[in-house]
Structure formats: C-alpha cells, structure tokens
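First the structure, in the form of structure tokens, and then the observations on it.
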Amino acid sequence: MAREASAGARDRSPAPGPPSAPPGARRLAAGGWRLAASGAGIMARGPAGAAAVLGPLLWGCALALQGGMLYPRESPSRERKELDGLWSFRADFSDNRRQGFEQQWYRTPLRESGPTLDMPVPSSFNDVGQDGRLRSFVGWVWYEREVTLPQRWTQDLGTRVVLRIGSAHYYAIVWVNGVHVAEHEGGHLPFEADVSKLVQSGPLSSCRITIAINNTLTPHTLPPGTILYQKDTSKYPKGYFVQNTHFDFFNYAGLHRPVLLYTTPTIYIDDITITTGMDQNTGLVNYKVFVQGSEHFQLEVRLLDEEGKVVAQGTGDQGQLQVPSAYLWWPYLMHEHPAYLYSLEVRLTAQTEAGPVSDFYALPVGIRTVAVTENQFLINGKPFYFHGVNKHEDADIRGKGFDWPLLVKDFNLLRWLGANSFRTSHYPYAEEVMQLCDRYGIVVIDESPGVGIVLTQSYSNVSLQHHLEVMEELVRRDKNHPAVVMWSVANEPASYLKPAGYYFKTLIAHTKDLDPSRPVTFVTNSNYEADLGAPYVDVICVNSYYSWYHDYGHMEVIQLQLATQFEKWYRTYQKPIIQSEYGAETIAGFHQDPPLMFSEEYQKGLLEQYHLVLDQKRKEYVVGELIWNFADFMTDQSPQRAMGNKKGIFTRQRQPKGAAFLLRERYWKLANETRYHGSAVKSQCVGNSPFTF
Ligand code: BDP
C-alpha cells in the first residue's frame, strides 16, 4: 500500500514508533484502489477445449486500481536514471528507535546528524558489515543518496520526474530534499512518488533522497511476526526485545531492489492491461490503456512480432487485436518454439497550450491461455505438468539484494535441471526475475508474502484488509506476464482456524475479481478435513515432509503416506493437485550409506520414494511437483537449522548436491514425456547450455 504525498507538502511530524508500535499501527487509510466490477471465475469444469477459450471472454478484466505500476522502460519519451551503488546509511540504535524522527534526520544531509556507513543498494544491510548488532537489528534504518539530475529534468515543466523504489523491506518513508513524498507498507512490491515539483522548484540541479525503513513485523504485517519484550530483568537488560517470526527464512531488510528515477511527459501512459486468448488459429490480444494528465489524447496501438513486423494495430484506449496464425507463448520444454513474445507499442499524442505532447511505451506480450479442469492444468488447451522448484531470493552477503549474476546463474541452473517452473516462495520476486521467466518460458506460480499466518490476530479485519491491498499491488505489477499462470495468496497458513474460511474466501474472490484470467490458490499443510480455505482454491497445493518432520529415518512409510494424502485430497475436492513442497535437510558433503538423515544419500532416497507415488498419481490428477528447495538459504538461528535451511538441491553457493543429478534425470525424462509438439527434447545433455536466443 502506498501513499504519495503532494510534492509541496510540508514535512510531517515524525510518528513511527518503536518496534512495539510498528508500521501497521499507523497505516494510512486505504488508497483509492478499488474494484470496478466482478469477474468470472477461472474454473472450467468442462472439456479442455472449452476451458482453453476462456481467455478471450475474460476481457472485462476487472482490474481497476488507481494508478499503474508499469515497469520503467526507456523510450523516445522516457528516460531512466539508476540509483544503485553506495548510499549513506545509519541504523537508529537509540532505545526507542525514534531518534531519527526526533532529530529530523531527513532535513539535512545524513552525515550532518552523525556518523554514516557506506551501504550498497540493492542489498540487505544485515550481512555486509562486521557489526553483529546490525545483522539482527530491528527498527528504523536510514538511507540517503544525493543525485545530480540532467538539466532538462529540472527545467522542463513538461517533464514528469518519478522516484521508484523496487522494494524496501518492510515499511518505508521517503523524503526528497527534506520533504515527505511517500510511504509504503510491504517489503516486496514497488512504489513510486512524483517528485517533479520538488526537483523543478529551484536552481538546484541535484536532489537528496532520504528513505527510512523499518523491518519490524507484527501480527498484521505480511509476513506477520511478533515482537517479544523480555521483562525478566534477572535475565535480560531493561527494554530487551526480540523479533519472532513464523516463517522459515531470515528477515533480511533494506533496499533490496533497484531504486531509480525516470521521466514521462506530463500527459502519460499510466497503465496497460492485457489479456490474451485464441480463436482457432487467431491470437486475440485485448488491451486497455490508462492515461493520466489529460482527458484529451489520441492512442495508437501496434503489435509487432519478433521480427519487428506489425501484425495488428488499433486506436483508442481499449480494443482487441487479432493476429492470424499467431505464435503462442509456450512454456520452455513443452514446445519447440517456447516463449514467443510480441511487442505491444502504445503511442500517445495530445495537444496542449504549450504544444504537442507524445508518450511511447512498449510492452512484451505473450499470447496464451490458462485453465483448470478437475484433474488438469491447461496451458493453451494442453495439459501442463509442473516439474520445478521453490526458490528464495537469497544468497551470500547480499542477503535478498537483487543481483544479475546470481539471477542468470539461477536460470542457467533451472535449464540444466530441466525445471519448467517455480513458485515465488514466499513473496513476490523482483520484476527482472519475472521478465526473464517471460523470455525463457519458465512458468511461475506468483505468491504473495502471506507466509506465517498462524496467529488468530493475523486473521483480523486489519490483516485481511492489508492482504487484499497486497494482492491488488501484486496483480497490478504482474498481471501482464505470460509466465505467471496462477496466483498463490499464502503459504501454510493455519487454515484450520475458524476465521480462515471467511478470510480465504474473501481473499481468493478478491484476487479473481482483480484477475479473472488466472487460477488462484494458497499452499496448504493442513489436514484435508480441517482446511477451511481449500474449498475456494482452483488447484490444491499441498506441502508434506514425510520421513523428515515425522517418522524420522523411516523412508519406507513415504509411499503409503503420500498416496493416502493425494487420495484424500482428491476424493474431497476433485481438483488438480500440486505437491508444492517436499524435501529433506542435507548438508553438502555428508555421506552415509545406508542413508541417514542429513546425508546426501538420504535426500536422494527420500526424493525417490516421493517420485514413485508422483509417477502413479500424475496419470490421474497430480499436475505438478516442486522440490523444496532449489538452494540452501538463510533462516533465523535455531537448534533445527545449521547455518540456515539446507534442503536445497544446490548449496547457497549454487553447487549441486547429489539430489540435483537425480532430479535432473527425472525432469528431463518428464520433459520428454510431457512435451506437446515436435520431436522429443534431445538428451538431458542439452541442459548444459545456457538459455540462448
Ligand atoms: C515448509 C515451509 C517452508 C520451510 C519448509 C522447511 O513452507 O518455508 O522452509 O517447510 O521446513 O513448511 O524446510
């Protein structure tokens, strides 16, 4: 949820409190992002063909958030200035964590109010230093950057200058030249502020950006957490508190994704919504363009193929483009021509007193349909089997900071593995990740940060309202990615608690209203009889850890227990099922045969037992398997975790454990079996090569 302050607003009195009265307590009233209409459901419980043509009918796409969140792309009318690099930084170690507000650190350069550190952006602040207090810091940290702006940006009143923050975990307040411009709750989605007036108000050709970020999690944040005050003074110093979380990854914090400034004209393309479908061989691209700044403008829309040839065109802010003999966007490994992307070019022109204005934005578009029957997941009308992974945005000292080399390495590993999909466990990933999925044909289950919803308080109206808003932000950001085939609103909530029924019914209905073109799910680990949210999902996604968190060491029970799990869920709901997590903690280099827990042999043995059952049930209604986890990742410290979660098939440094080779055999075999078009994928050796174009 973001609120943008008017650029000229006076600076505000500080309010954000100590960790015990954190962001949620002072959340701003919900903005204007409301729904316009209700959409149709996605479930097509009929013949596959009927389901596949739902796409074109869904055009009423009910998304009506006010204000778009188009990815900033350069164009003849738009420029970008990236602000990655070293920022000045200070953590507020004062007892109440409010010194920064009391002393108004945003008013003058940060170095004037005390010592600063150099902090790389993007990165988490936790692991880059040598100060243990910073690693586990809870409260407000302050970032600052001075930026020199091109003269045109500061002089030309026809230029709109926007500050965009890709992700600030968890709650952020932003000032430009000491003036409050934006606040945002939620650590995984972008937010923006129009700073034109501020940068164009004087002779300055530079501006000072200050961002205060609070990583405190409460029962009402997403993900939720609790602050525990330890009051026993015989054991803890006065005022001692710790942050507890109810999820299994380290609460890295900071500016995790690119921060940038970009420009548009003052009359500009604010948002574009695309839905696609097929009618026989004709591809259908329904578009809706939202313009800000004027009601008087002309829009021209052209669709170009990969050769740059115009294949369809239209005018006006909405319409349908028809592409005869269209190439479809297919998942990679499913088809010999995967991931075909057209380019939708939108050109705006307007006349103003000051002269003509034009804006241009080009959006990649994949034409494809998604539908669900009672035992299949269909892409372009053909059954799709997810053989993929769960990931985390996590590696080494950068924490969750965005990193191109790591990203490219991960995609090359996915290809090596023959994985066709992943779930963004347990929060939305960077936009650049989603763009690569579109480009490479990797299918995504796009998950919200709804992980660890286990306390009754986290089912309150305050929490629900926030969760609805997060889904709005997520759909708004990711709605146009062909790679995204399903939304996941949560992971392993306590869905057996009484309020869970209403909570998930409302949340899932809302998400379907926002985007009627995709199925919606949440990932459960509840018992099939007790789960109050399952009636509302389109696909049952179930996590289980047989022979790991139960029956330690007894791999012989896996087949029976897993088969029972599938049968019970299917008998109850007649919906397709994805095994959305399974795995075993494995310390790379530990070997033991016969296998013992934590050894590489145990991980392989456990996976093999799961695969035997998956191979039976995928002939019936199981539509996917996602290993937990792609790579080892950092967690809170606990006696259950040896320097983090080690269920990766790759280490945190992206080197394979034995199980990676086992899974690789399997995934390439599955790829060959489930390929829809053309000859079989060559051998698995093909997987050594990176993605190429
Ligand atoms: C599942 C959670 C995941 C954990 C995993 C584990 O969804 O976040 O990391 O268990 O325990 O329950 O390894």
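List every residue pair whose Cβ atoms sit under 7 Å apart, with the two residues 6 or more apart in sequence or on different chains, where the first one lies in the range 572-588 and is farther than 20 Å from Q609 by Cα and the second, anywhere, is within 16 Å of the ligand (Cβ to nearest atom) and of a type in the set (S, T, Y).
A588/T651
For the range 356-381, which residues satisfy the criterion of being over 18 Å from P519 (Cβ atoms) and touching a residue at least 60 places away in the same chain (Cβ under 8 Å)? Break it down into steps so the answer makes sense when it comes.
Step one: filter the range 356-381 for residues over 18 Å from P519 (Cβ atoms), giving 356-365, 367.
Within the range 356-381, V357, S358, D359, F360, Y361, A362, L363, P364, V365, I367 qualify.
Before we move on, is N251 closer than 30 Å to A395 by Cα, within 16 Å of the ligand (Cβ to nearest atom), part of a strand (DSSP E or B) and touching a residue at least 12 places away in the same chain (Cβ under 8 Å)?
The answer is no for N251.
Output the number of residues of the range 216-242 satisfying the condition of being away from the ligand (no atom under 16 Å from the Cβ) and within 23 Å of L464 (Cβ to Cβ). Please lay out each step first, then the result.
Our first condition is that a residue be away from the ligand (no atom under 16 Å from the Cβ); within the range 216-242, this holds for 216, 218-221, 226-242.
Within this subset, residues satisfying the condition of being within 23 Å of L464 (Cβ to Cβ) are 216, 218-221, 226-227.
So the count comes out to 7.
Which one is nearest to the ligand (Cβ to nearest atom) among residues in the range 391-424 that are assigned to a loop (DSSP other than H, G, I, E, B) and modelled with pLDDT under 95?
Quick first cut of the range 391-424, residues assigned to a loop (DSSP other than H, G, I, E, B) only: 391-395, 399-403, 418-420, 424.
From the residues that got through so far, the ones that are modelled with pLDDT under 95 too are 394-395.
Working: D394: 11, A395: 16 Å.
Looking at residues that are assigned to a loop (DSSP other than H, G, I, E, B) and modelled with pLDDT under 95, I get D394.
Mind checking which residues of the range 434-449 are in contact (Cβ under 8 Å) with a residue 40 or more places away in the chain and farther than 21 Å from S517 by Cβ?
Across the range 434-449, the qualifying residues are Y440, P449.
Working carefully through the options G388, G381, find the one that is at pLDDT 95 or above, within 16 Å of the ligand (Cβ to nearest atom) and either under 30 Å from L134 (Cβ atoms) or small (G, A, S) (or both).
Working: G381 fails: within 16 Å of the ligand (Cβ to nearest atom).
After ruling out the rest, the residue left standing is G388.
Restricting attention to the range 505-526, and to residues there that are surrounded by fewer than 24 Cβ atoms within 10 Å (Cβ to Cβ) and within 16 Å of the ligand (Cβ to nearest atom), which single residue is farthest from the chain's Cα centre (by Cα)?
S526
Please state which one of E473, E431 is farther than 22 Å from I649 by Cα and in contact with a helix residue (DSSP H, G or I) (Cβ under 8 Å, 6 or more places away or on another chain). Don't jump to the end; show me each part of the working.
On the way: E473 fails: in contact with a helix residue (DSSP H, G or I) (Cβ under 8 Å, 6 or more places away or on another chain).
One residue alone meets the criteria, E431.
Mind telling me which of the residues T572, T564 ends up being under 20 Å from L626 (Cα atoms), assigned to a helix (DSSP H, G or I) and modelled with pLDDT of 95 or more?
T564
For the range 541-555, indicate whether the set of residues that are over 30 Å from M597 (Cβ atoms), assigned to a loop (DSSP other than H, G, I, E, B) and either free of Cβ contacts under 8 Å to residues at least 12 places away in the same chain or not β-branched (V, I, T) (or both) is non-empty.
The answer is no; no qualifying residue exists.
What single numbered condition from (1) of a type outside the set (D, E); (2) within 12 Å of the ligand (Cβ to nearest atom); (3) buried (at least 24 other Cβ atoms within 10 Å of the Cβ) fails to hold for A659?
(2)
For a quick check of your reading of the model, give me the residue pairs whose first member lies in the range 450-468 and is in contact (Cβ under 8 Å) with a residue 12 or more places away in the chain, whose second is within 16 Å of the ligand (Cβ to nearest atom) and not in a loop (DSSP other than H, G, I, E, B), with beta-carbon atoms closer than 7 Å and at least 6 apart or on different chains.
Cβ pairs passing all conditions: G450/V489; G450/A490; G450/N491; V451/A490; V451/N491; G452/T245; I453/A490.
Okay, residues lined up against (1) free of Cβ contacts under 8 Å to residues at least 40 places away in the same chain; (2) part of a helix (DSSP H, G or I); (3) more than 13 Å from the ligand (Cβ to nearest atom); (4) under 17 Å from F598 (Cβ atoms):
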| residue | (1), (2), (3), (4) |
| --- | --- |
| K619 | yes, no, yes, no |
| G624 | no, no, yes, no |
| T635 | no, no, no, yes |
| M643 | yes, no, yes, yes |
| R652 | no, no, yes, yes |
| R664 | no, yes, yes, no |
| K669 | yes, yes, yes, no |
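Do you know which of the residues in the range 466-497 that are over 12 Å from T424 (Cβ atoms) and polar (S, T, N, Q) is nearest to the ligand (Cβ to nearest atom)?
S495
Could you figure out which of (1) buried (at least 20 other Cβ atoms within 10 Å of the Cβ); (2) more than 22 Å from R73 (Cα to Cα); (3) of a type outside the set (A, V, I, L, M); (4) touching a helix residue (DSSP H, G or I) at 6+ places or on another chain (Cβ under 8 Å) isn't true of P190?
(2)
Could you tell me whether any residue of the range 185-197 is of a type in the set (F, W, Y), within 22 Å of the chain's Cα centre (by Cα) and either at pLDDT 95 or above or in a strand (DSSP E or B) (or both)?
Yes, that holds for at least one residue.
Quickly run through the range 564-602 and pick out the residues that are more than 16 Å from the ligand (Cβ to nearest atom) and among the β-branched types (V, I, T).
Hits for the range 564-602 are T564, T572, I577.
Let's see how each residue does on (1) within 19 Å of the chain's Cα centre (by Cα); (2) closer than 23 Å to K568 by Cβ:
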{"position": "V485", "(1), (2)": "yes, no"}
{"position": "N491", "(1), (2)": "yes, yes"}
{"position": "Y496", "(1), (2)": "no, yes"}
{"position": "Y528", "(1), (2)": "no, yes"}
{"position": "A534", "(1), (2)": "no, yes"}
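The values are calculated or read from the model by the stated rules, or taken from the named source; none is laboratory data. None of these values were measured; they are calculated from a predicted model. Ideal geometry is used to build each Cβ from the backbone, glycine not excepted, and the neighbour counts take in all protein chains shown.
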